[in-house]
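Working notes, structure below.
None of the figures in this text is laboratory data; all of them are computed from the coordinates on show. Computed from a predicted model, the values in this text were never measured in an experiment. Glycine also receives a Cβ, built like all others from the backbone with ideal geometry; neighbour counts cover every protein chain displayed.
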Amino acid sequence: MGYKKLISPEFKISTEHYEITRGCEVECFSSREARSDWCRVELATQYDGIISYEDNEEAVVELGYDEDYDILLSGYCRKNENDSWKEIMIRDDMIKLEQTMIKATFIDCTPQDAIRYILTQAGISDYVLAESEYGKKDTFIINKQNGIKAIMEVNSSWGIDNDFFFRNKIFYWGCYPQQDTVYVLTESENILSLHKYGSLWEIETLGVPWIHHSQMIEVEHSKFTGTVKVEKTIVRSDPSGRTRMYIYFKGG
């Protein structure tokens, strides 16, 4: 199990030409179900005429303590037509799959064969795919769909329920980044509140940059105790600089 002391976390937003650590409000969203992670950075008026960026410019969002940062999101700036200096929308590499149209016929192929082709067409070369045997299809056709829908079609055609997502610009399908430590969230220590909404529990904490969706965490609370998989995370800061993280999981 892993324990880390939480103090006031800070965001660091890095584009190709700027590094922003203050004068902004930040919201980051990451979810197993949504697959595509995004971050919205709202800049204070002091940046008017100072900050500029190009559409699809690379960007990294980090959260940390005492200059010890963990990456929340690696992705690309998406430019807003109106007042683009005021808000930076950053999306992960899933945008490459979204923008790539796939039309192809595969002969005697495995799902991994089809997914490798889709990723190559989208310019994605860094990936990890499940090694399980799912069998071959004599013919498999993708009829002009974007890369995300094409991968969903692969899952559906083979009857597979594999998650797929990016973590630090690496694509994962049916597998997950290695997790060396299961972090512990404990009542009265690093859990500010715990509530259940429908099928999901919500933990409010200060901000834990090393916890991501699809990871396992240990929850120790009077309302719930157990080891669970993270379904989604939301990290927000407000104008005063206060940062809160919301971690969602199923169970109980």
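Points worth noting:
- Whichever lysines have a C-alpha closer than 28 Å to that of residue 12, once near sequence neighbours (fewer than 8 apart) are set aside: 4, 79, 86, 96, 169, 229, 232
- Computing FRET efficiency as 1/(1 + (r/R0)^6) for residue 55 and residue 160, where r is the C-beta to C-beta distance and R0 is 30 Å, gives about 0.30.
- Label-point separation in nm, residue 67 to residue 206, each point 7 Å along Cα→Cβ: 1.9 nm
- For the pair residue 17 and residue 216, the difference between a 0.36 nm per residue extended length and the Cα-Cα distance amounts to 68.1 nm.
- Principal-axis tilt of helix 111-121 within the chain, Cα atoms, nearest 10 degrees: 70 degrees
- Efficiency of FRET from Cβ geometry, residue 48 and residue 227, R₀ 41 Å, rounded to 0.05: 0.30
- Estimated inter-spin distance, residue 197 and residue 169, nm [label 7 Å along Cα→Cβ]: 3.3 nm
- Net charge of Cβ neighbours under 10 Å - reference residue 201; Lys, Arg +1; Asp, Glu -1: +1
- Net length gained if the chain between residue 182 and residue 133 were fully extended (0.36 nm per residue, minus Cα distance): 14.8 nm
- Subtracting the Cα-Cα distance of residue 32 and residue 80 from their residue separation scaled by 0.36 nm leaves 14.7 nm.
- Think of it this way: in the chain, 24, 77, 109, 175 stand alone, with no other Cys Cβ under 4.7 Å.
- Result for the chain in a Gaussian network model with C-alpha springs under 10 Å: among 50, 124, 102, the largest mean-square fluctuation is at 50.
- Rounded, prolate or oblate (a/c below 1.5 giving rounded, otherwise prolate when a/b exceeds b/c) for the range 96-168 by Cα gyration tensor: oblate
- For residue 72, the residues 5 or more places off, or on other chains, whose built amide H falls under 5 Å of its own are 61, 62, 63.
- Each of [x] 0.96; [y] 1.00; [z] 1.03 is a candidate for Rg/Rh (Cα atoms, Kirkwood Rh); the one calculated from this structure is [y].
- Built amide H within the under 5 Å cut-off of residue 100, gap 5+: 147
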